[in-house]
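Participant: My questions all concern the structure below.
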Amino acid sequence: MKMKKIVFYFSIFAAIALNSCNKENESDILPPDAPSILTGDYEIIANGNWEAEDQVYVWHGGSKGFVDDGKFTLSDPSTSTFKGTLAESLVSGTEYNWYVVSPSAEGSPASCTIPVSEKSQYGKIKAIAGENAPSVNMLSLVAFAKVNIKNTTNRAIIFNSASLSCGNPIFGKMCVDFTDEKVKYIDCPAASQSVLISETESRLPAGETMTFTIAVKPFTANEEVLKLELDNFELTNALNEISFEAGKTVDVNYEINAPDVPEIEEGTVLAASGTASPVADDLIQDWMAFQLTTGVYEYVYRGWLNQGTFFCFGKNNESIKYVFSATDNGAEFGEQGGESAMTITEELSEPSTYNKWTVTKEGYYEIVLDCYTSKLKATYLCDAASVFSKIEVEKLYLNVKYNDQEQFGIRADQMIEMEKTGNGVFKAKVSVPEDKISGQFRCQMDLGGHSLPVILPSDSDKSVAECDGGLAKTPFVLTMNGTTNFWLHTDTPGHSYVITVDLKQGLIWANCDQPSIEASDILLSGPAIGYDWGNFAHMKKTDNQFVFEFEVEISGKDEMFTIHLDGEQRSLIPFSGGNEVLSLGENKFKYRDAAADCGWFVPNIPAGKYKLTVNLQDYTLTVTKVN
C-alpha cells in the first residue's frame, strides 16, 4: 500500500512498520459460501473522551486478512459510539478481531501511518461475534511532556513563537506495531523539533509560570537535552533516566533568567551617538533611530554605520531617560556580525563616560538591542555599492529646502514621499509655492529603518534650473552621511516639476510639469535656415497637434534663426533666455509671450539638409540629419 504523508498539529506523526499479516488470531479465514449477516452501516464503541465530529479509523480481521473499514465518525458522545460503513460483510457466528485508531490512519494494524496528537490512541478487541457490536477501550499511543516556563526576571516577557527540540527524534514519525499483546514501537525517520506557538503573541508576567503540554514519542531520556526557544531566549533542560511512558505526563521545567533592567516607558524612542553614527555626534539628532518591534521588547536599527564607536540613548518627551551601552567597553563587531552584552541604566552622566561598541567595518547593518536578554546583536548586510542590488528600497523621499529655510528636513515626515512606479523607479511632483523663488533638493531613502541614506549629485551645482526646463538624466552618488551637495532649482513661482529617480540605473532627472503650448502655426525665420529676416517658413503640424516638423537647409555658418507662434508676438526662445548654439539632437526651449529677441546660431552643425521637430508638450527642439 502506498503511504501518504499526513500533516497534523505539532507536526507529530506515528507510523507502523510493514509486517506480515499471518499472526496467530489476527484474522479469521472464512469459507467463501458462508452466509453474510450484515453489510453497510455499522456502529462500534470506542470508550474515551470525545468531541463532536471526532473520528476513528477501523480495521477488522476478514476473509483475506485485515479489512480496511476506513473512518468512523462520532454519532453519540454520551456512549462513545461511532458510525461508519463496513468494507466487507460480516458472518453470523464468526468471531472477528477489531482494531481502532484515533484520529485517523492508513494501512493495517501491522502497517499503517497514524498522525499523533493528544488524542492519538489505539484500541483492540478479539474474538467478537459478527452479530455483536465491538466495544473497545482506547489507550494512549503517546507520552506527554508538560513544559513549565517560569519568568524569574523583573519584567513581563512577551513572545510570538515557541518551539521545543531534542537531539533524540521524539516529535516526528513514530512507528508502532500493535498487533501483539503489547504495543511495540519501531524505529523510523522522525523530526526533532515541535512548534508550540507560532505568530501568536503571548505574555508571561514577572514571577509567573506558563505551561504547555505536548505529545511526544515514548522514550527514556539518557542525557537528552530538551531545548526551548522563545523568540529571544534559548533555554535548556538536561534529562537523565527519565521515562516518558505512553499515557503518562512528565514535567519539564525551565526558568527565564536575565539581568534586571529598567522598565522602559511606552513611547520611548532610541537613537545612537558616536563616530559610527551616520550623522553628527549630537544627542538631539535621531537619524540613526531604533524602532520598537511590535509585540517584542527589542529595538531594531537597519541602516548605515561608519567605522567608529557608538552608544545608544532613550528619549521620552524629548528628554533623555535611559542609556544603552556596551557592558564591556570597546566590544567589537564587523563584517561577520556579532553579539555582546548590553547594560541599560537610568543614571545619566557625561557621554564620554559611557562604554561604547566598536564598529570595525563601515557598511549597512541590522542592529538589534534586545532588552529581554540585555544583548546587542549585529548583522552585516552589505557595503554602499551593493545597497540597490541586495536591499529592496520600499520608500524614497524628496527633501526640499527653499532659500528662506535654514536646513533640510531631518525626519521622513518633513519630506515628500515619492511614488514607486516600477522596479526601483520613484517619482514626485513638486509645486513651487507662490512666495518661493529658488532652493535646493536631494533624495533620501528608507531601507526599513530610520536611517535615511542620501542621493546626491557628484557636483554640488547640478541644477533643475527653471520650471520650463529640467534636468537631463544624470548619474548620482549615494552617501550615508549628510553632506552639503544638493541639486539647485530656480523655478517660476506657482509652477511644478516632476523628479524621477531610477535606483537600478543610478540616474536622476527632472521634467517640467507645465501646460502644453497651444499654437496653430509655427514660423521660422533667419539666414541660418535660408530665410531673410521678415520672411517665414511655416512648419507642418503632425498627427500630434503639439508636434510640428519642417525640413530646412542649415548654412553651418555663424548665423541665427528664430521661432515664432501664430505671428510674431509669441515665440520660443533658447532655454538660457539668450542666444544659444544649436546642437544635433534635443535642445530645450522656453515659451515667451512676446516677440523673439534671441535665437539659435548654427556654426557647429555641418551645412546640409535637416529636419527640425518642435514639441510643444516637452518643450524640445530636435535636429535630425536628413539622408
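The values are calculated or read from the model by the stated rules, or taken from the named source; none is laboratory data. No experiment lies behind these values; they were computed from the predicted model shown. Cβ placement follows ideal geometry from the backbone for every residue including glycine, while neighbour counts extend to all protein chains displayed.
Participant: Cβ contacts < 6 Å: first residue more than 16 Å from Thr209 (Cβ to Cβ), restricted to region 245-271; second residue of a type in the set (Asp, Glu) and surrounded by 14 or more Cβ atoms within 10 Å (Cβ to Cβ), any location; separation 6+ or different chain. Result?
Facilitator: So the pair list comes out as Ala271/Asp286.
Participant: Residue check: is Glu332 surrounded by fewer than 19 Cβ atoms within 10 Å (Cβ to Cβ), modelled with pLDDT under 90 and not small (Gly, Ala, Ser)? Full working, then the answer.
Facilitator: On the way: surrounded by fewer than 19 Cβ atoms within 10 Å (Cβ to Cβ): yes; modelled with pLDDT under 90: no; not small (Gly, Ala, Ser): yes.
In short, no.
Participant: For the list (1) over 30 Å from Leu235 (Cα atoms); (2) part of a strand (DSSP E or B), I need the number of the one condition that Val387 fails.
Facilitator: (2)
Participant: Looking at Tyr299, is it within 23 Å of Ala258 (Cα to Cα) and in contact (Cβ under 8 Å) with a residue 24 or more places away in the chain? I'd like the intermediate steps shown before the answer.
Facilitator: Working: within 23 Å of Ala258 (Cα to Cα): yes; in contact (Cβ under 8 Å) with a residue 24 or more places away in the chain: yes.
Judged against the criteria, Tyr299 is a match.
Participant: Mind checking whether some residue in region 389-405 is without any contact (Cβ under 8 Å) to a residue 12 or more places away in the chain and within 21 Å of Ala272 (Cβ to Cβ)? Show your work before the answer.
Facilitator: Here is the first cut: in region 389-405, the ones without any contact (Cβ under 8 Å) to a residue 12 or more places away in the chain are 389-390, 392.
From the residues that got through so far, the ones that are within 21 Å of Ala272 (Cβ to Cβ) too are none.
Looking through region 389-405, none of the residues is without any contact (Cβ under 8 Å) to a residue 12 or more places away in the chain and within 21 Å of Ala272 (Cβ to Cβ).
Participant: Considering every residue within region 526-543, establish whether at least one is assigned to a strand (DSSP E or B), within 56 Å of the chain's Cα centre (by Cα), modelled with pLDDT of 95 or more and surrounded by 13 or more Cβ atoms within 10 Å (Cβ to Cβ).
Facilitator: No, there is no match, as no residue in region 526-543 is assigned to a strand (DSSP E or B), within 56 Å of the chain's Cα centre (by Cα), modelled with pLDDT of 95 or more and surrounded by 13 or more Cβ atoms within 10 Å (Cβ to Cβ).
Participant: Do you know which residues across region 144-161 are within 12 Å of Cys371 (Cα to Cα), β-branched (Val, Ile, Thr) and in a loop (DSSP other than H, G, I, E, B)?
Facilitator: Going residue by residue through region 144-161, those that are within 12 Å of Cys371 (Cα to Cα) are 153-158.
From what is left, the residues that are β-branched (Val, Ile, Thr) are 153, 157-158.
Across region 144-161, the qualifying residue is only Thr153.
Participant: Condition first: in a strand (DSSP E or B), over 31 Å from the mean Cα position of the chain (by Cα) and modelled with pLDDT under 80. Now tell me which residues in region 186-231 satisfy that.
Facilitator: If the condition is that a residue be in a strand (DSSP E or B), over 31 Å from the mean Cα position of the chain (by Cα) and modelled with pLDDT under 80, then Ile186 is the only one that fits.
Participant: While we're looking at this one, here's another question. Got a sec? Which of Gly61, Gly93, Gly107 is modelled with pLDDT under 90, part of a loop (DSSP other than H, G, I, E, B) and farther than 19 Å from Asp41 by Cβ? If you could, list the steps in order and put the result at the bottom.
Facilitator: Values: Gly61 fails: part of a loop (DSSP other than H, G, I, E, B); Gly107 fails: part of a loop (DSSP other than H, G, I, E, B).
Of the residues listed, the single one that is modelled with pLDDT under 90, part of a loop (DSSP other than H, G, I, E, B) and farther than 19 Å from Asp41 by Cβ is Gly93.
Participant: Follow-up question, since we're still on this one. Name the single residue, out of those in region 118-136 being polar (S, T, N, Q) and surrounded by 19 or more Cβ atoms within 10 Å (Cβ to Cβ), that is nearest to Val91 (Cα to Cα). Don't jump to the end; show me each part of the working.
Facilitator: First, the residues of region 118-136 that are polar (S, T, N, Q): 120-121, 132, 135.
Adding the requirement that they be surrounded by 19 or more Cβ atoms within 10 Å (Cβ to Cβ) leaves 120-121.
Values: Ser120: 31, Gln121: 28 Å.
Only one residue tops the list, namely Gln121.
Participant: Pro115: within 55 Å of the chain's Cα centre (by Cα), in contact (Cβ under 8 Å) with a residue 12 or more places away in the chain, in the same structural domain as Ala52 (by TED's automatic domain parsing) and over 22 Å from Lys64 (Cα atoms), yes or no? Steps first, please.
Facilitator: On the way: within 55 Å of the chain's Cα centre (by Cα): yes; in contact (Cβ under 8 Å) with a residue 12 or more places away in the chain: yes; in the same structural domain as Ala52 (by TED's automatic domain parsing): yes; over 22 Å from Lys64 (Cα atoms): yes.
Answer is yes for this residue.
Participant: With respect to Thr236, is the statement that it is assigned by TED's automatic domain parsing to the domain that holds Met342 and either more than 30 Å from Leu139 (Cα to Cα) or within 27 Å of the chain's Cα centre (by Cα) (or both) true? Give the steps one after another, and end with the answer.
Facilitator: Details: assigned by TED's automatic domain parsing to the domain that holds Met342: no; either more than 30 Å from Leu139 (Cα to Cα) or within 27 Å of the chain's Cα centre (by Cα) (or both): yes.
Spelling it out, it is not the case that Thr236 is assigned by TED's automatic domain parsing to the domain that holds Met342 and either more than 30 Å from Leu139 (Cα to Cα) or within 27 Å of the chain's Cα centre (by Cα) (or both).
Participant: Out of the residues in region 586-627 meeting the condition of being surrounded by 18 or more Cβ atoms within 10 Å (Cβ to Cβ) and basic (Lys, Arg), tell me which one is farthest from Gly556 (Cα to Cα).
Facilitator: Here the answer is Lys590.
Participant: For the structure I just gave you, tell me whether Ser386 is out of contact with any strand residue (DSSP E or B) (no Cβ under 9 Å at 6 or more places or on another chain), without any contact (Cβ under 8 Å) to a residue 60 or more places away in the chain and not hydrophobic (A, V, I, L, M, F, W, C).
Facilitator: no
Participant: Could you list, in sequence order, all residues of region 559-585 that are surrounded by fewer than 17 Cβ atoms within 10 Å (Cβ to Cβ) and at pLDDT below 90?
Facilitator: Correct list: Gly567, Glu568, Gln569, Ser576, Gly577, Gly578.
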